[in-house]
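Here's the structure, in structure tokens; my notes come after.
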Ligand SMILES: Nc1ncnc2c1ncn2[C@@H]1O[C@H](COP(=O)(O)OP(=O)(O)O)[C@@H](O)[C@H]1O
Ligand SMILES: [Mg+2]
């Protein structure tokens, strides 16, 4: 088989391109003829799950996408939310899971590159990155390699582009052994009335390509087809991984933002997955126009590239822009300033078709709507998985109740899921651009909004163990926790983006998880009034039949009207009182405690009552706003005990102790290590005590004063008996070094 | 604040990314009239009271950090400016460019940790009699963050002893109480060196980022000392 | 025994460093330069082992650690210690 | 014409990368390894020029840009394009 347009396409070749027989027949129907190989390649990428959302789209309509601040919801490169003062934030999260498993450094790096482009494509200056990472069993030596590679890739790319990486999360679980997750979030800042969209409007307008040259990177269909051809020339097998060039990306950011200052820019679009194909078809589709592309003009890195290869290349750091006719030279001048390759590669046409021209011949000619709107949404089957019946019960009576909690606390603090992530974020420049008011290491990152008195807060969260046990409630918890992290920093939520990482959608059980997860996000978002403005779906995270736990990662963005009133999680002063907002229920299902101490993943997920959640968050924000409290930290993995320890040891200075006294009728381990939601630990000076109690009374939240800050120990007495007493210095050592020690080991 | 005739230039190389930060601090915190200078410009810098080479990844740090940027057209002007006694402050990547250009002795090696490091560190002011430190008390300990991958200072023995003899070592890494030594050395720098000045005293290179701790919006403002010193010494050169 | 190992990016993989260096050489007036590739060079010094042993070891070490075989290829020569 | 250039840290300059690689190799069980040095490998491809010209050019380019002679030394060989 030869990789050239004169191959006659048939259903077999279509299948090799990942299209089903039915889809191929639909192409023939819609087109009224057999596509040539280039055209088939275009269909194969545009109709892929990744580009067309054919499995997931029917479910996503459940998500609330509107709100008074929403300027742009899902459908564009990223969501846009108004923050007042004439400004808006632009944000999105995206996955780069599979490439990162194959080549962690480049996979993660190009993931950062892709999400950055989604943001500055809209005209926004990217000001923050966050990363949400999942790795498999830490005992597998490959995980250490993957961890190091992924973190280095993000570090290298993010740092070099000058966008600070201000937060994230990392979890390890065996379910990710064959499929690690690398989700990257980016937020940009823009003038609310200067949002650019990816539209190829205006017949006759030039289409300009700029950025890096096009090479043969990541041509999937081609690699499938091409093995015969490449083998015979006994050439090195061409790698299909894309390699990123953060330096070019930095130039691309500056050049794009320079460019978009001009009124003659009509529409602009990054070349993401499916490169030139998706960018040209999507721009034409949104504008209801067509494009004639002259492939001879496309800057290339390699000789002899076919139209197929040019259109399907996933070379990084490339953009497409449409400007008003007559302004070509001005645009090209900007790209010359930034030493970027650029060329006029086409024109907008009235006829809504994309035509590819090579050497004067039309080598592909496709109606835009057939390609973009052609794929049918799949009605995937849904079935509740059987495993749920096995994992859903947990009898606390089967678990021995420990007399003391010190040992468990130390083990939890050094569990990689809870231990300090300093080893990771020390490798990220989290300060560049001077906006980061709260550096990584507190519940949410807080960034000032330059030129205003405001700040934005961001947190990314998902506990996939919960989602495995109960995807609906697990997803609700993800939204609640993320939003709670913002509340602890003093911010109120204004928008959410999600990255839905699931297994193989062809399995009804996976689609059930998916549906439940989306419903859970939807319910929590509706109740907490957080619009979903962008997102990404990553399916087929499955290897040899084993899928990952459902991992619907959410990132919530919040706003603080007064940037000075931001809060951090650690205790500040000896003598302060410690208070606990929220009720604790006797439960240990799905907890890190259960996993670490008993090696069990089972039970009902922690209780989340959305009304109580909202009350707790509002109350916390109120106290911060009034300047009543000195710290706020939510209880998440590891429960109250871990949260207390973190309040003692996570600050930038010396650790400080606390003496806590608890009274309750429930089990002490459940009280201290259970993960009931909607709980926030605060600290405050004695003068504020009465006001805070009164405020709690007024707002109807559950609230109790449980101890004082001070000393060198964290001590907890439970119903009068000492349960925990350990020097905070010791606790800190367990917590602080664990991840770095793990990452530095060799085998 | 200073009178409005004080002028500074922030050079922008392709890949500079702390240029805006330096600009912000100089202009909005210290009220210095500040201008970005694009690296392709070959212009005379003599109208400026001082010139800043900011941090970042000029040319992606490809080959070696600073190796390519030092051939940018503007570096001819910077070299001339420094030769005429003009004050040049190189921060992080700016320091790397200055050593590559030969305006400062030595070289910067990859961190011995093999990782990029971004965190607050402490530095001791070893020489408070320079144009860049004159508002510091001798031996003062400043809290300033670092953010680099290639910051291990190296010079051969001879150069090193000359640097020390001439008091050209301006900053060294230390702990909170001012103690130096291995434990306080984040990147393997020889003798814990964090910043040096040239023999004439008008060109300073330092790996830590003073501009990151100079905005009063944050609790840490030790970086102001460097800018304050520079501004004062430009206003009244004699100490 | 020393193994001298060259690790280079595979054909078709974007060599951004090479590109930048080429660009700079051109700016410096070296118009005779057609292309530049940048890779890694490693010297592994062995305690006394035979050629045959060294050969096997070096290959293994390259595959495992020294080269990233997804995007890089490696070549090596063995020499006796000077 | 291709110049194959090896740039290595001078003796006496701490090669922390080499040290780290050595450490890892030892941890992986390669106890035969005595020392590791890590440097750069560059290929500069020339348009048609003579050996003598290439020789002079390469030297100049190394001194100027490709190596930092404060810390690095370089070696090269010339070969004709395959
Ligand atoms: N991969 C990462 N990259 C950057 N920062 C991270 C990463 N993982 C965790 N962090 C930071 O470490 C801190 C603790 O994270 P985590 O335990 O996940 O917080 P929480 O439980 O409040 O969501 C946060 O400030 C978070 O942003
Ligand atoms: Mg939290």
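Largest first, the three principal axis extents of the alpha carbons in segment A:1-155 are 55, 48, 29 Å in whole numbers.
The sum of -39500 (n - 2.57) across all DSSP H runs of n ≥ 4, divided by the residue count of chain A, sets its helix-only mean residue ellipticity at 222 nm to -11000 deg cm²/dmol.
Taking square-rooted eigenvalues a ≥ b ≥ c of the alpha carbon gyration tensor, is segment B:134-177 rounded, prolate or oblate, where a/c under 1.5 means rounded and, failing that, a/b exceeding b/c means prolate? Oblate, because a/c is 1.5 or more while a/b does not exceed b/c. Over the residues of chain B, the helix contribution to mean residue ellipticity at 222 nm works out to -5500 deg cm²/dmol, using -39500 (n - 2.57) for each DSSP H run of at least 4. Applying 1/(1 + (r/R0)^6) with R0 = 45 Å to the Cβ-Cβ distance of residue A:691 and residue A:339 gives a FRET efficiency near 0.15.
What order do you get for B:38, A:735 when you list them from fewest to most C-beta neighbours inside 10 Å? Lowest count first: B:38, A:735. When the alpha carbon coordinates of segment A:333-396 are projected onto the principal axes, the ranges are 71, 35, 21 Å, largest first.
Classify segment A:308-419: rounded, prolate or oblate, from the alpha-carbon gyration tensor (a ≥ b ≥ c, eigenvalue square roots; a/c under 1.5 rounded; otherwise prolate if a/b is larger than b/c)? In terms of gyration-tensor shape, oblate.
Taking the inverse of the mean 1/r over every pair of distinct Cα atoms in segment A:505-650 gives a Kirkwood hydrodynamic radius of 18.4 Å. With a Förster radius of 51 Å applied to the C-beta separation of residue C:11 and residue A:379, the computed FRET efficiency comes to 0.70. With the simple spin-label model, which puts each label point 7 Å out from Cα in the Cβ direction, the residue C:65 to residue A:297 separation comes to 5.2 nm.
Helix A:220-232 and the long axis of chain A differ in direction by around 60°, with both axes built from C-alpha atoms.
Calculated from the alpha-carbon coordinates, segment B:7-235 shows an Rg and a Dmax of 15.7, 45 Å respectively.
Summarised in one figure, the compactness ratio Rg/Rh of chain A, Cα atoms and Kirkwood Rh, is 0.99. Using the Kirkwood radius over C-alpha pairs as Rh, can you work out the diffusion coefficient of segment B:1-137 via Stokes-Einstein at 20 °C, viscosity 1.002 mPa s, in µm² per second? Rounded to a whole number, D works out at 136 µm²/s. With respect to chain C, whose longest principal axis is taken over its alpha-carbon atoms, helix C:16-27 is tilted by about 50°. The ranking of C:77, B:172, B:159 from fewest to most other beta carbons within 10 Å of each one's beta carbon is C:77, B:159, B:172. Along the Cα-to-C-beta direction of residue D:35, a point sits 7 Å from the Cα; which residues of segment C:43-82 have their amide N less than 13 Å from that point? Under cut-off, by backbone N: C:43-47, C:81-82.
Per the Cα gyration tensor, chain C maps to an equivalent ellipsoid with semi-axes of 31, 15, 8 Å, ordered largest to smallest.
Between B:136, B:118, B:22, find the one with the highest GNM mean-square fluctuation for chain B; connect C-alpha pairs within less than 10 Å. For chain B, modelled as a Gaussian network with Cα springs under 10 Å, the answer is B:118. Computed over segment A:603-747, the P(r) curve from all C-alpha pair distances, binned at 5 Å from the origin, holds 2, 8, 16, 20, 20, 17, 10, 4, 2, 1, 0, 0 percent per bin. For the residues D:44, D:52, D:36, a GNM of chain D with alpha-carbon springs under 10 Å puts the largest fluctuation on D:52. In this simple spin-label model, placing a label point 7 Å from the Cα along the Cα-to-Cβ direction at both residue D:20 and residue A:741 gives a separation of 2.1 nm. Taking N as the residue count of segment A:70-123, its C-alpha radius of gyration divided by 2.2 N^0.38 Å amounts to 1.36. Note on residue A:12/residue A:33: beta-carbon distance plugged into 1/(1 + (r/R0)^6) with R0 of 25 Å gives a FRET efficiency of 0.90. Pairs of alpha carbons in segment A:91-163 separated by more than 13 Å make up 63% of all such pairs. In this simple spin-label model, placing a label point 7 Å from the Cα along the Cα-to-Cβ direction at both residue B:200 and residue B:119 gives a separation of 3.9 nm. Does segment A:525-606 come out rounded, prolate or oblate, given a ≥ b ≥ c as the square roots of the eigenvalues of its C-alpha gyration tensor, rounded meaning a/c under 1.5 and, failing that, prolate meaning a/b above b/c? Oblate shape, in that a/c is at least 1.5 and b/c is the bigger or equal ratio. As a size descriptor, the averaged projected area of the C-alpha convex hull of segment B:40-100 was calculated at 3.7 nm². Taking the longest Cα principal axis of chain A as reference, the axis of helix A:728-744 is set at about 20 degrees.
Any read-out appearing in this document is the output of simple, stated calculations on the displayed coordinates, not a laboratory observation. Fair warning: this is a prediction, and the values are worked out from it, not measured in the lab. As a convention, Cβ positions derive from the backbone with ideal geometry for all residues, glycine included, and neighbour counts pool all protein chains shown.
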